[in-house]
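In what follows, a structure is listed as structure tokens, so that the remarks can point back to it.
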Amino acid sequence: MNWTAKTRPGAAATAAGAAPAKPGPSVSSSTSANVRISNGLKEFLSLLSDTPQARVLDLGPVWQSTVSFFIEKAYRISTEDLLRAWKDFLTGEEESLRKAPVGAEAIKVSPSMLADKFLETALQYPEKSFHGALAWDLLDYFDPEVVPRLMERLSRLLHPGGALLALFHSRPVERFHRYRVVDSQTIEWLPSPTIAVHAHVFQNREILSLFGEFRSSKTFVGRDQVREALFLK
């Protein structure tokens with residue numbers, strides 16, 4: 001993979017080539033006007049086109065349209081709903097604390113410790129498993145202390161030259177959304193039941209710091225207060 005860009009110094013469902021994913025609900029584009037032209041997705045796909053049978057990791061829920069889109073391009077796609085898994089993990093941790101014996105000494109668990117425990121079961125793939133990853137806006141919803149650990153893991157999962165596409169809101173969001181691929185330059189954002197509260201608005205310098213292990217980046221700013229950030233490892 002290569003591009004001309006600003007250079008800075010310095011459990012899972014799988015499709016195509018593995019066990020087929022059980023599709024999630026399919027939402028017709030005609031039922032939702034929440035579509036946006038995505039220059040970030042267009043550039044992401046352009047980078048993947050350099051690699052035959054590229055392997056892609058989608059960190060959102062399984063959508064039939066997204067799965068079909070990548071299969072038709074002869075790519076292999078794995079889906080892991082990372083934010084849902086994080087919520088279920090936190091719910092389990094809270095339940096364990098409630099069931100602790102009366103009088104038991106309370107153990108303070110920091111967000112970073114929770115992240116380390118979560119990653120013992122989440123994102124369990126061999127290093128350099130993927131040529132591209134779709135992170136959507138999930139980084140906005142994790143505790144800022146957790147995000148660096150997620151980024152460290154995601155970086156290890158990508159091939160050198162691999163691309164990661166992420167979305168960042170420039171202000172707190174009023175409603176929770178999920179994302180799916182409609183076509184090569186269009187994504188649909190679908191209002192969904194809230195599974196996490198918007199946690200943090202990242203500034204540019206914070207984003208660059210998070211992606212410090214990546215060698216180049218492009219940013220596309222939309223009128224909807226969403227920044228598309230594409231990073232090349």
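The values are calculated or read from the model by the stated rules, or taken from the named source; none is laboratory data. Since we're looking at a predicted model, the values are computed, not measured. Here the Cβ positions follow ideal geometry from the backbone for every residue, glycine too, while neighbour counts run over all protein chains shown.
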note = The one condition E174 fails out of (1) modelled with pLDDT of 95 or more; (2) farther than 22 Å from L47 by Cβ is (1)
message = I need the strands (runs of 3 or more DSSP E) fully contained in the stretch 183-233, keeping only those with at least 1 residues that are of a type outside the set (V, I, T), closer than 24 Å to A85 by Cβ and within 17 Å of the chain's Cα centre (by Cα).
response = 186-191, 226-232
ask   = Could you list, in sequence order, the residues of the stretch 183-205 that are touching a helix residue (DSSP H, G or I) at 6+ places or on another chain (Cβ under 9 Å) and surrounded by 18 or more Cβ atoms within 10 Å (Cβ to Cβ)?
value = I187, E188, F202
request  = Could you grab the pairs with beta carbons closer than 7 Å, sequence gap of 6+ or different chains, first residue in the stretch 204-232 and farther than 19 Å from L134 by Cβ, second one at pLDDT 90 or above and of a type in the set (S, T, Y)?
outcome  = Q225/S170
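Within the stretch 64-89, work out how many residues are in a helix (DSSP H, G or I) and of a type in the set (D, E, K, R).
Our first condition is that a residue be in a helix (DSSP H, G or I); within the stretch 64-89, this holds for 64-72, 82-89.
Now narrow it down to the ones that are of a type in the set (D, E, K, R): 72, 84, 87-88.
Residues flagged as in a helix (DSSP H, G or I) and of a type in the set (D, E, K, R) within the stretch 64-89 amount to 4.
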note = Over the stretch 44-79, the set of residues surrounded by 15 or more Cβ atoms within 10 Å (Cβ to Cβ), over 20 Å from A229 (Cβ atoms) and among the charged types (D, E, K, R) is R55, K73, R76
request  = Could you tell me which of the residues G212, G161 is out of contact with any Pro (no Cβ under 8 Å at 6 or more places or on another chain) and at positive phi?
outcome  = G161
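Looking at L45, L97, which one is among the hydrophobic types (A, V, I, L, M, F, W, C), in a helix (DSSP H, G or I), closer than 19 Å to E188 by Cα and out of contact with any strand residue (DSSP E or B) (no Cβ under 8 Å at 6 or more places or on another chain)?
L45
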inquiry  = Being β-branched (V, I, T) and closer than 27 Å to R76 by Cβ is true for just one of V221, V181, V146. Which residue is that?
reply    = V181
